[in-house]
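Reviewing the structure listed below.
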Amino acid sequence: GNVNYRTDKLNLFTSMNYRTGDRVGEGLRQFQWDYSDNNRITDSLFQNTHRTSTPNNLGFRIGGDYYPSTNKTVGYTLDISEHKELEQNNINYLINTRDPGEIGERQMEENDNGYHIDHVLSYENKFDSKEQLLKAYASLAHEIDDVFETGTMESQYGSDLKNSNSKTLENNNNITMAVDYENEYGEKLGIETGLKFSIRNFGEDLNYLEG
């Protein structure tokens, strides 16, 4: 939903969105590799796949624009979003001559949880002219993403059971500033110039265990 309030000097707005539901896909995948320079003619990999993805995402935005004059605008926007997504995969290896030990049913589950916060400050000046335009903005973004994945591989012979777990934690920060200026001189000459720079700090921790 959206809510907006506006006067001659001020424009305030807010919005919220939510998304969920199951997305399901399944099918039979068949791969074959031809080795013309080898005694083996082909390798085959046939597998049945089933995937269910369930997003649970919430987003919120609030901000406003201030008009010091008819040709100037100063704005601020805050975006906050949270995501919780579950994905379940089931792969049944029917034929696997490339890796004969990898035969049977593999089940995987991935939980992806995190949030994102973004502050944006903007400025626009039209100089009381249709030819001139100055735009600038500064953005500060922070993001956390926590992914945990578990997997189980069960041989069709019933004797082998392999488990694997992995956990990835991302902690990202990004600062961006940009300025853009446009001007037209008559009908045949115009210029556009700008400057943009970003400072990024991305951090990632990965843990993996197989047994």
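The values are calculated or read from the model by the stated rules, or taken from the named source; none is laboratory data. All values reported here derive from a predicted model rather than from experimental measurement. All Cβ positions, glycine included, derive from the backbone under ideal geometry; neighbour counts span all protein chains shown. These area figures cover heavy atoms from the full protein model, side chains too; ligands, DNA and RNA do not enter into them. Shrake-Rupley method; radii C 1.70, N 1.55, O 1.52, S 1.80 Å.
Among the residues that make up the range 146-154, is at least one of them open to solvent by 40 Å² or more (accessible area, probe 1.4 Å) and closer than 25 Å to Ser198 by Cα? Walk me through how you get there before you give the answer.
If we filter the range 146-154 for residues that are open to solvent by 40 Å² or more (accessible area, probe 1.4 Å), which is where we start, we get 146, 148-150, 152, 154.
Within this subset, residues satisfying the condition of being closer than 25 Å to Ser198 by Cα are 146.
There is at least one residue in the range 146-154 that is open to solvent by 40 Å² or more (accessible area, probe 1.4 Å) and closer than 25 Å to Ser198 by Cα.
Those residues that are touching a Lys or Arg at 6+ places or on another chain (Cβ under 9 Å) and not in a strand (DSSP E or B), I need them from the range 71-107; list them, please.
Selection gives Asn71, Thr97.
Among the residues of the range 91-107 satisfying the criterion of being touching a Ser or Thr at 6+ places or on another chain (Cβ under 7 Å) and among the hydrophobic types (A, V, I, L, M, F, W, C), which is surrounded by the fewest Cβ atoms within 10 Å (Cβ to Cβ)?
Looking at residues that are touching a Ser or Thr at 6+ places or on another chain (Cβ under 7 Å) and among the hydrophobic types (A, V, I, L, M, F, W, C), I get Ile95.
Considering only residues that are modelled with pLDDT of 90 or more and open to solvent by less than 80 Å² (accessible area, probe 1.4 Å), which ones fall in the range 23-45?
Residues satisfying the conditions are Gly25, Gly27.
Look at the range 179-211 and say how many of its residues are loosely packed, with under 10 Cβ neighbours inside 10 Å and over 26 Å from the mean Cα position of the chain (by Cα).
Number of matching residues: 8.
Consider Val24 carefully, then state whether it is among the aliphatic types (A, V, I, L, M) and touching a Pro at 6+ places or on another chain (Cβ under 9 Å).
Details: among the aliphatic types (A, V, I, L, M): yes; touching a Pro at 6+ places or on another chain (Cβ under 9 Å): no.
No; evaluated as a whole, the condition is false for this residue.
Yes/no per residue for (1) more than 27 Å from the chain's Cα centre (by Cα); (2) without any contact (Cβ under 8 Å) to a residue 40 or more places away in the chain:
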position	(1), (2)
Asp99	yes, yes
Arg106	no, no
Glu109	no, no
Ser139	no, yes
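Has the range 60-79 got any residue that is without any contact (Cβ under 8 Å) to a residue 60 or more places away in the chain and closer than 20 Å to Phe148 by Cα? Give the derivation first.
Narrowing the range 60-79 to residues without any contact (Cβ under 8 Å) to a residue 60 or more places away in the chain: 60-79.
Filter once more, keeping what is closer than 20 Å to Phe148 by Cα: none.
No, the range 60-79 contains no residue that is without any contact (Cβ under 8 Å) to a residue 60 or more places away in the chain and closer than 20 Å to Phe148 by Cα.
So, in the range 160-192, how many residues would count as being among the aromatic types (Phe, Trp, Tyr) and modelled with pLDDT of 85 or more? It would help to see each step written out before you state the result.
Step one: of the range 160-192, the residues among the aromatic types (Phe, Trp, Tyr) are 181, 185.
In the following step, the residues that additionally are modelled with pLDDT of 85 or more were identified as 181.
Of the residues in the range 160-192, 1 are among the aromatic types (Phe, Trp, Tyr) and modelled with pLDDT of 85 or more.
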